[in-house]
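Notes follow once the structure below has been shown.
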Amino acid sequence: MDKALASLITSGAGNGAPTLPSSRYQGSANLPWTLPDGTEVMYLARRILPRSSIYQALQSYVVVEGDRLDNLAARFLGDPLLFWMICDANNASDPDALTAQVGRSILIPQSSGIPPGARYG
């Protein structure tokens, strides 16, 4: 892979999602993959979902029509990019699935610090 592009990813160019402190991928390794034609492609190391028990519950929330996880994260955790913490606390990998069923009760975790192990399972 082009070294300039790898440098941009590492430095957090653009929105810098993998390098933001609130990102679930913050601190993840950038790993190279070599294609059969010799082209090197960089990718982020796989993230394993952590046990939901590492999160302290802030409250339980009952899903209503029109809810979106990013909006709930903004409302309860103060940052829409923390939607992943709600996913992790509910053993879910699909954010849309958590709000798909009206009446479902989901756990809203405390966001006062990302617990050890949350990033890499």
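The numbers here are math on the coordinates, done by the rules we state, and not lab data. Since the model is a prediction, treat every value here as computed from it, not as a measurement. Every residue, glycine as well, gets a Cβ built from its backbone with ideal geometry; the counts of neighbours run over all protein chains shown.
Show me the ranking of peptides 34-42, 53-61 by mean Cβ neighbours inside 10 Å, starting with the highest.
In decreasing order of mean packing, 34-42, 53-61 become 53-61, 34-42.
Pull out the extension gain between Ser105 and Ala45, defined as 0.36 nm times the separation in residues minus the alpha carbon to alpha carbon distance; nm, one decimal.
Details: separation 60, 0.36 × 60 = 21.60 nm, distance 3.17 nm.
Stretched fully, the Ser105-Ala45 segment lengthens by 18.4 nm.
What net charge do the residues around Ala97 carry, taking every other residue with its C-beta under 15 Å from that of Ala97, with Lys and Arg at +1 and Asp and Glu at -1?
Taking every Cβ under 15 Å from that of Ala97, the sum is -3.
What's the percent breakdown of Cα-Cα distances in the stretch 30-113 across 10 Å bins, shortest bin first?
17, 42, 20, 13, 8, 0
Run the quick spin-label model on Gln56 and Asp70: label points 7 Å from Cα toward the beta carbon, then report their separation in nm to one decimal.
Label at Gln56, label at Asp70, 2.9 nm between them.
Taking the Cβ of Arg75 as the centre, find all other residues whose Cβ is under 15 Å away and add up their charges (Lys, Arg: +1; Asp, Glu: -1).
-2
Quick one: Ser111, Ser105, fewest Cβ neighbours within 10 Å first, how do they rank?
Values: Ser111 18, Ser105 10.
The order, fewest Cβ neighbours first, is Ser105, Ser111.
Compute, for the stretch 52-109, the length of the dipole vector about the Cα centre, with Cβ point charges of +1 (Lys, Arg) and -1 (Asp, Glu) only. Units Debye, rounded to 20.
Charge dipole of the stretch 52-109: 160 debye, to the nearest 20.
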